[in-house]
Structure formats: C-alpha cells, structure tokens
Ligand code: 8NA
Ligand code: MG
Ligand code: MG
C-alpha cells in the first residue's frame, strides 16, 4: 500500500506483537544460534505443536494501554494513560516487567497521585530509568499522529510516565519516528538511502535539549548518544554482508537500555531489507527481520517488538505469515486496533 495505508498500520501493530511473543523464547539468552531461531520459527508452522499460544509480555501489555488510551481520548491524555498502565499491571503483574518500573506502576495506582510523572522521576536516585520500556510501547504514537512534531512531543511524554531519563524517553522518540518514517514509505525505494539520515537529523534536534545533554554527562555517554549510535548503524550498513552478529552486538548492543536496543532494532530492519546469508531463501523481509532480531540474543522480545513495528509499517500486513499471527496472543486485537488508529489518524 501507499504511505499511511491501512495495510501498513496493521503490519506495524501486528508485527510488534509477533516480535514480543516470538522473541520471548530467547529473552535474556546470551548466545542464540540461528539454527535455534529457525527451529523455533519453523515450530510455529507445525499445526500440531503442543505448546499452545505464545503469550505476550510487558511490551505488548503496555502497548495495548497506549493504544486504548490514544483511541479513547482521541489524543494524548497522561492521566488516562497512567491509569491504564497501573490497572494493567495490577491485573496481570506477571508479564515480565523490568525490576524498576514495577515501583512506578504501583505508585501510579494511587488515587491520591496528582503529578503522574512524579513516580518516574523518583526512580534510580532521581536519575530516572534509561530502560527500553518507553521505547517498546512507542509505535502507537506514530499511528495516532501524522505530524512529526506531535509524534516527538507525545512519544516523549508517554515514555516519561515511567522513564524520566532522556536516555530512556529519547529512545521512545527515536522508535516512534522510525515507525513514522517507515509508515510514510521511507523504506521504499527510492527513499530508502535517506531513511537513516532523516532519523539522525531529527535526533540531532531532540538530543540538543539541555536535559539530554546533562543526562549524557551523568552517565558518561557522548554528547549525542542516539545520534552516535545511528552513525554506527550507517557504518555497519555500508559494510553490507560482511558484518557479523558479534560485531552488531558489540557496536550497538542487545540489552535492556534504550540506547543499547532501539538503534539495534533499526539496524535489524535495514539489514534485512535484502536477502542475507544464513537466512532461508523462502523468507520475505519481515520474516528475515524477526529471525535476525532473535539471533542477536539479549532483550530479544523487545528488540523484535520494536523492529517488528518498523518493519511491519514498511511491508504491511500481507507480509506477516498468517500461521505466525495465529500463534500469538493479542495479534488479532492488534489488527482490529490498527484499523481504529488508521481511522483516527486520517480524521485528525
Ligand atoms: P526498568 O525501568 O525497570 O529498567 C530496566 C532495568 O534497567 C532496571 O531494572 C535496572 O536494572 C536498569 N536501569 C534502568 N535505568 C537505570 C538507571 N538510571 N540506573 C541504573 N540502572 C538502571 O524497566 P523497563 O520497562 O525499561 O524494561 C526494560 C526491559 O526489562 C524490557 O525488555 C522488559 O521486558 C524487562 N525485562 C528484561 C529481561 C531481560 O532479560 N532482558 C527480563 C525481564 C524483564
Ligand atoms: Mg517483555
Ligand atoms: Mg524485553
């Protein structure tokens, strides 16, 4: 489909769920041989497999809250979104939330809370979380708002409900912008070569803010940490087929920090736009992206979820094997909600 087509909305939201569900198998694993990834993915095609449906984790649980809030309020409402996060957590606390964010979610449940951003600010001795928990749920902001200024503003605020460190919330801004540009056809030829440059120039503005500069100093990062990582993505891409998984991990990371996972997810999508050695020839780009994200190990569910959203916005819903969709809890809901977001997006 063309820019911002329904197929792209559905692809983005469904592939994000898929990445979370399928990636859960390897979350936290240090080394994941591609053989094991392909075995896991092939297993999904076996109708008789005994393990039933793959459950989604915190990534999808929180994304669903963001979606429901944006739809119900027809825009961003921090009180409503915070309430939904808290309610979802108290209802299903066992979805694999990060150790820190649990404290925020408990505080957000308090009826006496006036400032919904305060619990997040108190995290980690006042530094706030730099985890990828804001970024993992950022895709819906690109599906609710069409203007990059709005996407930047609201993805940032949505993340700040749990992640007040710029190294956390700017990961959410980057993820939302990546989904936005992909949704607009930014990964279609002939626009593809400019995709990463657009992200770099957006993030140069985002990271020029005082808060970002001071957080970078506190955590001994470079002045423009996300921009630096995006330049590394560019360097790795220019090396084409010669880049190993070990190098991707050492250059970009595969961890729970937004800085060590959002640029990685972006790289996965870009790297898998073309057939790659070690990946089945019958795979299309979306399947390659999924497999490659899992083979990086580390925070696999979250990296695959974020890569899934960006890739799904590019390839559209028809690129996602139906048999994969049927295996994943929440995939059907995501598909329905994508249509609602598509309507909201084109109304506004
Ligand atoms: P979070 O806000 O609790 O952050 C995740 C973790 O990062 C924290 O528990 C800390 O260990 C560390 N951290 C974050 N900010 C700071 C800081 N300023 N100073 C010191 N340490 C810090 O949770 P989140 O919502 O960001 O979640 C991130 C990831 O963790 C998600 O993938 C989620 O699924 C979860 N998780 C990961 C694994 C894994 O093995 N990779 C397992 C279970 C859960
Ligand atoms: Mg998770
Ligand atoms: Mg995770």
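Structure notes:
- Condition check for residue 132: within 20 Å of the chain's Cα centre (by Cα), surrounded by fewer than 22 Cβ atoms within 10 Å (Cβ to Cβ) and under 23 Å from residue 263 (Cα atoms): no
- Test result for residue 239, more than 21 Å from the chain's Cα centre (by Cα), modelled with pLDDT of 95 or more and over 30 Å from residue 318 (Cβ atoms): no
- Qualifying position, being without any contact (Cβ under 8 Å) to a residue 12 or more places away in the chain and either within 16 Å of ligand 2 (Cβ to nearest atom) or in a helix (DSSP H, G or I) (or both), among 201, 155: 201
- Residues of the stretch 4-23 that are surrounded by fewer than 24 Cβ atoms within 10 Å (Cβ to Cβ) and part of a helix (DSSP H, G or I): 6, 7.
- Considering the stretch 284-304, the residues that are in a helix (DSSP H, G or I), more than 16 Å from ligand 2 (Cβ to nearest atom) and touching a helix residue (DSSP H, G or I) at 6+ places or on another chain (Cβ under 7 Å) include one that is farthest from residue 59 (Cα to Cα), namely 285.
- As a summary of the residue check, residue 304 satisfies the conditions (1) in contact with a strand residue (DSSP E or B) (Cβ under 8 Å, 6 or more places away or on another chain); (2) surrounded by 24 or more Cβ atoms within 10 Å (Cβ to Cβ) except for the one numbered (1).
- Any hit, the stretch 146-165, residues being modelled with pLDDT of 95 or more and farther than 30 Å from residue 339 by Cβ: yes
- Candidate set from the stretch 96-116 (those that are within 16 Å of ligand 3 (Cβ to nearest atom) and exposed (fewer than 15 other Cβ atoms within 10 Å of the Cβ)); member that is modelled with the lowest pLDDT: 99
- Residue among 216, 222, 250 that is in a loop (DSSP other than H, G, I, E, B) and at pLDDT 95 or above: 222
- Sole residue being more than 20 Å from residue 145 (Cα to Cα) and touching a helix residue (DSSP H, G or I) at 6+ places or on another chain (Cβ under 7 Å), chosen from 43, 19, 28: 19
- Qualifying residues in the stretch 90-111 (those that are part of a helix (DSSP H, G or I) and either under 11 Å from residue 123 (Cα atoms) or touching a strand residue (DSSP E or B) at 6+ places or on another chain (Cβ under 8 Å) (or both)) - the one nearest to ligand 2 (Cβ to nearest atom): 101
- Scope the stretch 28-66; condition assigned to a loop (DSSP other than H, G, I, E, B), over 21 Å from residue 279 (Cβ atoms) and either touching a strand residue (DSSP E or B) at 6+ places or on another chain (Cβ under 9 Å) or within 12 Å of ligand 3 (Cβ to nearest atom) (or both); matching residues: 28, 53, 55, 56, 57
The values are calculated or read from the model by the stated rules, or taken from the named source; none is laboratory data. Quantities reported herein were computed from a predicted structural model and do not represent experimental measurements. Neighbour counts run over all protein chains shown; Cβ positions are idealised from the backbone, glycine included.
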